[in-house]
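Visitor: Take a look at the following structure, please.
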């Protein structure tokens, strides 16, 4: 069911004693300190995006990098313009997030051909399975995300489970990957889709989906839909609010996580049961580290998939937030992934 990306991991080797280690760290600082990077994301400023950006900015600052951030609010033309402008401004490195599949490869190639180091997140940067040179392609393990959420949805329920599906595509790379798994569950008779809801207004995804979900709920009675599956939490928030207003008893299982999601999960009698996700702040931190390693001419993998966790209502305490959730789920925090020795010394 899963398509596994190859992950090339390299470990730092200490060549000599403490003196050599200090020399290496000093050299790295000189290579990276003062360089400018741009983080360009093709989404609106939602909670997930804010944490991704905050992680990137904090790590960049810690490593001595200047970090400029840009959002295109899901406007593909604006996203491409921002990338073109970043190339003209000769940034040393660029992180590209959520470019659409139909144009992203050529866009990433343009940046790499300009001699700029690139890290992508959920953005196509490979052709025939080969990732472009000077590019590291990162993503969440979308197949695992889908499996975690769907396994929770079908647990202890009569199959096929009748589902209101929250999804949009094709053309959104992470959602397309999640769809591959969803189709398998449908094919295997585990799930039956009653209706699919997705946004057309990407400047207000949650509000758009809320209206559309309310319209769907008005068409059916309680026995027609068993559960809601959200392929993206920004859509799920809208569905949750519509279901809450309707006072319907309809469990929700989703993908991605933010502080607002956690608050909804913690609400009294919440219908939102679980969400599978990766800490977006950690993604931002890690993507900056990978870019810094490239700027320092260190070896990096061509691809990396962030491993998700399942967050259940029972995992949450009254004071649970994105910032302290790692106390309950240790792997949710920053585990030092791709952190070179010189980076540790900067902290």
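The values are calculated or read from the model by the stated rules, or taken from the named source; none is laboratory data. These numbers were taken from a predicted model, which means no experiment stands behind them. Positions of Cβ are generated from backbone atoms using ideal geometry, with glycine treated the same way; all protein chains shown enter the neighbour counts.
Visitor: Specify the residue that is farthest from residue 159 (Cα to Cα); the eligible residues are those in segment 221-242 that are out of contact with any helix residue (DSSP H, G or I) (no Cβ under 7 Å at 6 or more places or on another chain) and surrounded by 15 or more Cβ atoms within 10 Å (Cβ to Cβ).
Guide: Among them, the one singled out is 236.
Visitor: For the subset of segment 183-206 comprising residues that are touching a helix residue (DSSP H, G or I) at 6+ places or on another chain (Cβ under 6 Å) and in contact (Cβ under 8 Å) with a residue 12 or more places away in the chain, which member is farthest from residue 47 (Cα to Cα)? Steps first, please.
Guide: So in segment 183-206, the residues touching a helix residue (DSSP H, G or I) at 6+ places or on another chain (Cβ under 6 Å) come out as 185, 190-191, 195, 197, 199, 201, 205-206.
Those left that are additionally in contact (Cβ under 8 Å) with a residue 12 or more places away in the chain: 185, 190-191, 195, 197, 199, 205-206.
Working: 185: 30, 190: 32, 191: 30, 195: 27, 197: 21, 199: 18, 205: 12, 206: 12 Å.
My answer is 190.
Visitor: Still on this structure: Among the listed residues 251, 330, identify the single one that is closer than 26 Å to residue 157 by Cα and either buried (at least 18 other Cβ atoms within 10 Å of the Cβ) or not assigned by TED's automatic domain parsing to the domain that holds residue 94 (or both).
Guide: Matching residue, one of 251, 330: 251.
Visitor: Can you tell me which residue in segment 146-162 is surrounded by the most Cβ atoms within 10 Å (Cβ to Cβ), limited to those that are touching a helix residue (DSSP H, G or I) at 6+ places or on another chain (Cβ under 7 Å) and either closer than 15 Å to residue 227 by Cβ or not assigned by TED's automatic domain parsing to the domain that holds residue 240 (or both)?
Guide: Going through the qualifying residues, I end up with 146.
Visitor: Could you please tell me which pairs satisfy a Cβ distance under 6 Å, a separation of 6+ or placement on different chains, a first residue in segment 59-85 that is free of Cβ contacts under 8 Å to residues at least 12 places away in the same chain, and a second residue that is in a loop (DSSP other than H, G, I, E, B)?
Guide: Filtered contacts from segment 59-85: 78/72.
Visitor: On the basis of being in a loop (DSSP other than H, G, I, E, B) and touching a helix residue (DSSP H, G or I) at 6+ places or on another chain (Cβ under 6 Å), does residue 174 make the cut?
Guide: Here the answer is no, as residue 174 does not meet what is asked.
Visitor: Grab the strands (runs of 3 or more DSSP E) fully contained in segment 21-129, keeping just those with 2 or more residues being buried (at least 24 other Cβ atoms within 10 Å of the Cβ). Explain how you work it out, then say what you get.
Guide: On the way: elements: 36-41, 66-71, 93-97, 117-121.
By residue number, 36-41, 93-97, 117-121.
Visitor: Let me ask something additional. Has segment 280-299 got any residue that is within 20 Å of the chain's Cα centre (by Cα), at pLDDT 95 or above and part of a loop (DSSP other than H, G, I, E, B)?
Guide: No; the residues of segment 280-299 include none that is within 20 Å of the chain's Cα centre (by Cα), at pLDDT 95 or above and part of a loop (DSSP other than H, G, I, E, B).
Here's the yes/no breakdown for (1) in contact (Cβ under 8 Å) with a residue 24 or more places away in the chain; (2) in contact with a helix residue (DSSP H, G or I) (Cβ under 9 Å, 6 or more places away or on another chain); (3) over 28 Å from residue 123 (Cβ atoms):
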| site | (1), (2), (3) |
| --- | --- |
| 245 | yes, yes, yes |
| 276 | yes, yes, no |
| 282 | yes, yes, no |
| 298 | yes, yes, no |
| 302 | yes, no, no |
| 310 | yes, yes, no |
| 319 | no, no, yes |
| 330 | no, no, yes |
| 333 | yes, yes, no |
